[in-house]
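The next block holds one structure in the form of structure tokens; read it before the comments.
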Amino acid sequence: VRYCSPTCQRSSWREGGHRQECANLKMRSTSAASSSTASPPASVGAAAAEQVSLGATPRLLGPGRTVDLNHLVTTNEGHELGTSRGIVICAGGPYLSLGWISVKLLRDFCHCTLPIEIWHLDGEVAEEAASTFDCFASVRLRQLPLDLPRRRPGVWAIKPLAVCSSAFREVLLLDADNLPIDDPGTLFETEAYKDSGALFWPDFRPFPKISSSSWRALSAGALCSQPESISMELESGQAVIDKGRHSEALHRLANLAIHLEELAPHLPGDGGDKDLFQLAWALEASPFTLVSTGPWAVGVDGGMARATSPSGPFVGSTMLQHTPENSAPNCGPMFLHRTIDKHEELFRLNWKLVARPKNSSSGGSAFKLEKLAPHARLATRIVPTS
């Protein structure tokens, strides 16, 4: 109900019968709820359905309040999941062009033949835009069967949920703005991946100290301090996961993802999806391998205007990620993740210089984000700290 003014609202509440109408609606709602406890909706998960049958309120909030996680998460348990490997890219809305560029590079430059799923939300991809992918073999557009918030950070949940819902048993998750340098399919053959079945990459910074109350919130009370397996913030522009080996972790990941907006204040950085992966794995005591080589920064010389800055003239806009150590024959740089400039000039790659940390084993942060100008469209740059 909307009113033209607070005065009108008070008058309607006190004299116009609004108070009694609300009371009647509440009584009808309570009556309907009590009469439906014997037969919960079929779309509600088993645990939630059990709570409903006992007269309790289901503990499923936000976009996942009517989602059965056992149906959303496809592993090798109870699903017709093959032994296939494939790439998952989330590229709806403004990211669709970036996704097309990534697929083009994968097929024509990297000669990668793995099948690809392009995931998006309802209404993000027009039929004409979808047809532009018809020129690529083994590329399928898929819509996430979940209505996520169309705002940050909730919309970022599409990445972990797409991994969980993918038809592939072994998944390479790739951001739409993450450009491969070589065939990333070789990562499935590395010993680092085979040992644990989950390969993650570090971000620039060590994982920060957060309060015990935040750890309890992130873990539903299971943790009160940082687990030993978590040392760095993760960078989820790429991840390699064997879903058949990590069923419990994937169910935990999906549950965290659908509650991302509630958990975001307790997560480091901008409260995005990236650290949900290692949190889910830690909570289920599932093994994962963290690539030991930290990211480098790629960018340009900012010129004399920034020469007097304590950080120098370097303006970084892209993260350079590497393959695991001893991953011959393709050992070295593998991904160029355009974390900052992707929407500025889509087809211009500002890659002239590479900054690498002088001492990557110091335990500190080798890079930082620094503001440029208060009103600059490109708000930040990546700069080395040493």
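Please treat every number below as a calculation from the coordinates, not as lab data. Keep in mind that what you see is a predicted model, and the values were worked out from it rather than measured. Cβ placement follows ideal geometry from the backbone for every residue including glycine, while neighbour counts extend to all protein chains displayed.
Each label point was placed 7 Å from the Cα along the Cα-to-Cβ direction; for Ser213 and His71 their separation is 3.8 nm.
Our estimate of slack between Asp183 and Ala222, defined as 0.36 nm per intervening residue step minus the Cα-Cα distance, is 10.1 nm. For the listed peptides 286-294, 233-241, a ranking on the average number of other beta carbons within 10 Å per residue, highest first, reads 233-241, 286-294. What pairs in Lys194/Lys352; Lys159/Lys352; Lys159/Lys243; Lys209/Lys352 have C-alpha atoms more than 26 Å from each other? Violating the 26 Å limit, Cα to Cα: Lys194/Lys352; Lys159/Lys352; Lys209/Lys352.
Can you give the net charge of the other residues whose Cβ lies under 9 Å from the Cβ of Cys110, counting K and R as +1 and D and E as -1? My count for the surroundings of Cys110 gives -2.
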